[in-house]
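Below is one structure, written out as structure tokens; the observations come after it.
The values are calculated or read from the model by the stated rules, or taken from the named source; none is laboratory data. Here the structure is a predicted model, which is why all the values come from computation and not from measurement. Quick reminder, even Gly has a Cβ in these numbers, built from the backbone with ideal geometry, and neighbours come from all protein chains shown. Please note that ligands, DNA and RNA were not included when accessible areas were found on the heavy atoms of the full protein model with its side chains. Shrake-Rupley method; radii C 1.70, N 1.55, O 1.52, S 1.80 Å.
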Amino acid sequence: MSQISNRQAKKLSDYKAPEFTITDVELSFELNPEATVLTAVYQVASISDKAGTLILDGQELKLLAVSVDGQLLHADAYQVTPEQLILPGIPAKAQLELKIELNPKANTALEGLYLSNGAYCTQCEAEGFRRISYYLDRPDVLARFTTHIIADDKAYPALLSNGNLVSSTVLADGRRHVTWVDPFPKPSYLFALVAGDFDCLRGSYTTSSGREVALEFYVDKGNKDRAQFALESLKRAMLWDEQTFGLEYDLDIYMVVAVDFFNMGAMENKGLNVFNSKYVLADQASATDTDFFNIESIIGHEYFHNWTGNRVTCRDWFQLSLKEGLTVFRDQQFSADMGSATLNRIDAVKTIRTAQFAEDAGPMAHPIRPQQVLEMNNFYTVTVYDKGAEVIRMLHTLLGQDGFRKGMDLYFKRYDGQAVTCDDFVNAMQDANGRDLSLFRRWYQQSGTPELKIYSQFDAKKREFKLLMQQHTPATADQEEKQPLLLPVRVELLCDGISQSYLLEMTEAQQEFSFAVSQKPVPVLLADFSAPVKLQYQYSMDELLQIARDAKDGVARWDAIQQLWQSQVKAAIEAKDVGTTYQLPAALLEFYRQLLIQPLDDLAFTAELLTVPAYDMVAEQFEEIPVQELVWVLQSFVQQLAEELADQWHNCYQSLRIEAYQYQEQQVAKRALRSVCLHYLAFIAGKDDLLTQQYQHSDNMTDQLAVLRACRSAAHPLFASLMHDFEQRWRDDVLVLDKWFNLSASYPTSSVFVTLEQLTAHPQFSWQNPNRVRAVFGAFYQQNPAMFHAEDGRGYQVLADVVLKMDAINPQVASRLVTPLLSWKRYQPVRQQQLKAVLQTMLSKELSNDLYEKVSKSLS
Ligand code: 0A1
Ligand code: ZN
């Protein structure tokens, strides 16, 4: 574990421009698993043109030698601390040469240079380059990089880095020496190196101005066919960015490497993306429709970073949302254009309402531009990413598509090749549109979830309909005082089957809007989820059902059903009628019955409407989460729906004809609806044949997994035997086996505690591999609320033990896993005590900065 010399948080307000910069970097790596030797040559320049002390960042490095302008320095001419190399008396212009030894094999944190199944790879964002070399490891230092890699030619035929390959020669000793030059100045976090023996899938793309770009996907041997979809996705993303934003790719080659050991989803290193293999590899037998969808979206995301992140980068890490919020927004628009805009929007809304609202309500609450950070890796959050994207979306809503595009054009014109701030971005939007966005900027500095209360009044005489709106953001752990925000509120007024749309701009704490109407309308509020807020409005059940049927906006239709379910859950809990005795309203059952008899044209949307909200969605509505009651009520609702509409589920299921698998919109939709039907059918006795039939005879992973998921949720007797079969079939394919790990860990009975022990003893499980650890323990806390919150606190203890174990191996993974333990204030007193106890024990140990920041905040 890294040694912690101090735990000083950094503050945005302390930002200072660097005193030195580095203009050119030449790195030479002689690769060796336990003793890689790096020679790093930097052209250093003082900003003030004066000699001074150069302080470089560095961690866990073995420094072998230092020279300045060709003169080898004596050890007492510089100082090495656990986190810095301090070099006094550096001339205004100097050449610095460092020799460093690295041990990639011992690197289990997967930051810096490490080995993934024998292949060398790097991860430098946010502050990983300092684990490769001493450097000005901050995003506002942009340098041109040249990279030499020297390695055994047989064992590592692929030697890759950023930019273009300029030479490749075999040395007398049989090693190969390659040289890559990246002409675009970049911060160190975008550096990458990969060396290994891969299969390579090649393609090409001709840009709008006619340049030919080589596309290369490097994957584990034997997996080339599984990369085809990712390659096609990349081409679609390249074309989309040209057509939508006029942005063209800028190098001669774009490479993607898929590795199994990776802390996150993927990384946008210039010209050399490194991907978690689960976001590259897919075929119908091994991947689900959701996997295909995620691949297209993440391939798009990393590609879009080439402009929003790489060409224009962040001045400092507090500005992370500058690139991430914007790039998530761009990938969401891309996915919407490739498929269904409504379904994509529904997915984004779910993320905000579950994970992001929970983050705002917990000890790690922060604005999309955080003000204070101890460990940067802790701020790759759903707030910075997804709420950040919502903020960009609001700008898009306020300025319109053309206005937004003008702002983007100005942003690139002004800032290409620079490291800038979120304010610079808003300035470009403001100036391009001649619009004052000062109030809007509060979204960048204020954390928390605004609550928007709306009341309506209808005056029949005046034929006037009024909406009274109040906004209030409750205090968060990081910020007491809150101010009103600029909220774009999309409204539809439904009158006689006709819908009229408006975009209201709320700027004050309280505001009134009136509309001339012929009769009392039903208001559809916050259509398209036009602002990331919690809406409160007293709808009747009839109004909600009318919205679900008649609103123009699909998101609002879906949301009406969500609200209906939320009120049913509350009613069932308040009635203390937990269990099967609570009768779902006849109108709701009838709505479902009709949908099943005559599904909407959009089958995927129909599937969404027919799905009872998940536990985490419902839980977020409660200040104190009644865990067991929620689990129980949701389960009983599913059971009741299954039984009441048994014939309809069955008939609808049977009516959806099976075709040979293709990943194609209508087919995906059909499978989604079939899976929903199947899920309910698993809760009814006598459906074993149907379940077995689908599992045995389907030609794709989506349909097979649907059976396993349904059986898991219903704790169906078939589950054990089907899971056994699945494990036998896929035991040599770790990516697929992760699905089995996931299902095993989310089985909702107390047998899961023994299962968890068996899973970690499985030959394919490895504590060093984040995918495996997340497949087991991520699934346990995210998809098994009944057992994670087991009455005796066992679930908490299991997770706490894993977090501590992981902290010594990989602090980033540990710090993500600890999240569900932090929100102890949201639970009933007994659970609060259990959670606090495990957190206190944790805090008494020597923790990484990552874990310390979160645990200490949650207990303060
Ligand atoms: N920039 C990447 C995400 C990423 C962030 C940090 C990482 O390691 C600590 C790795 C990847 C993205 O947004 O895709
Ligand atoms: Zn990103």
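With a cut-off of at least 1 residues that are open to solvent by 50 Å² or more (accessible area, probe 1.4 Å), name the strands (runs of 3 or more DSSP E) lying wholly within region 87-131. Don't jump to the end; show me each part of the working.
Working: elements: 93-102, 112-116, 119-123.
Counting at least 1 such residues, we get 93-102.
How do the strands (runs of 3 or more DSSP E) wholly within region 487-534 filter down when requiring 2 or more residues that are surrounded by fewer than 15 Cβ atoms within 10 Å (Cβ to Cβ) and out of contact with any Gly (no Cβ under 8 Å at 6 or more places or on another chain): which remain? Explain how you work it out, then say what you get.
Values: elements: 487-495, 498-506, 510-516, 522-525.
Qualifying strands (runs of 3 or more DSSP E): 498-506, 510-516.
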Subject >> Cβ pairs under 8 Å, 6+ apart, first in region 492-509 and within 18 Å of E451 (Cβ to Cβ), second part of a strand (DSSP E or B) and open to solvent by 20 Å² or more (accessible area, probe 1.4 Å) >> reply: L504/R490; L504/F513; A509/Q470; A509/H472
**OP:** Output yes when any residue across region 360-383 is open to solvent by less than 40 Å² (accessible area, probe 1.4 Å), in contact (Cβ under 8 Å) with a residue 60 or more places away in the chain and of a type in the set (D, E), and no when none is.
**Re:** yes
Original post:
Among the listed residues V181, V194, which satisfies the condition of being at negative phi and crowded, with 19+ Cβ neighbours inside 10 Å?
Top reply: V194
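Taking T354 as the residue in question, decide whether it is open to solvent by 20 Å² or more (accessible area, probe 1.4 Å) and under 28 Å from G554 (Cα atoms).
Working: open to solvent by 20 Å² or more (accessible area, probe 1.4 Å): yes; under 28 Å from G554 (Cα atoms): yes.
Judged against the criteria, T354 is a match.
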Original post:
Which helices (runs of 4 or more DSSP H) does region 558-654 wholly contain that include 1 or more residues that are open to solvent by 60 Å² or more (accessible area, probe 1.4 Å) and in contact with a Cys (Cβ under 9 Å, 6 or more places away or on another chain)?
Top reply: 586-597
Original post:
Here are some conditions: (1) within 13 Å of ligand 1 (Cβ to nearest atom); (2) open to solvent by less than 10 Å² (accessible area, probe 1.4 Å); (3) more than 15 Å from M238 (Cα to Cα). N306 meets all but one. Which one does it not meet?
Top reply: (3)
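Which members of region 330-340 meet the condition of being away from ligand 2 (no atom under 11 Å from the Cβ) and either touching a residue at least 24 places away in the same chain (Cβ under 8 Å) or crowded, with 21+ Cβ neighbours inside 10 Å (or both)? Reasoning before the result, please.
Let us first name the residues in region 330-340 that are away from ligand 2 (no atom under 11 Å from the Cβ), namely 332-340.
Within region 330-340, Q332, Q333, F334, S335, D337, M338, G339, S340 qualify.
Looking only at residues that are touching a Pro at 6+ places or on another chain (Cβ under 8 Å) and within 13 Å of ligand 2 (Cβ to nearest atom) in region 306-316, which one is farthest from N269 (Cα to Cα)? Talk me through it step by step, then tell me what you get.
Pass one, region 306-316, residues touching a Pro at 6+ places or on another chain (Cβ under 8 Å): 313-316.
Those still in the list that are within 13 Å of ligand 2 (Cβ to nearest atom) too: 313-314.
Details: T313: 12, C314: 14 Å.
Only one residue tops the list, namely C314.
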**OP:** Please work out if T397 is away from ligand 2 (no atom under 15 Å from the Cβ), in contact with a strand residue (DSSP E or B) (Cβ under 6 Å, 6 or more places away or on another chain), open to solvent by 20 Å² or more (accessible area, probe 1.4 Å) and assigned to a helix (DSSP H, G or I).
**Re:** yes
**OP:** Read through the list (1) within 13 Å of I295 (Cα to Cα); (2) in contact (Cβ under 8 Å) with a residue 40 or more places away in the chain; (3) more than 16 Å from ligand 1 (Cβ to nearest atom), then give the number of the only condition that T207 fails.
**Re:** (1)
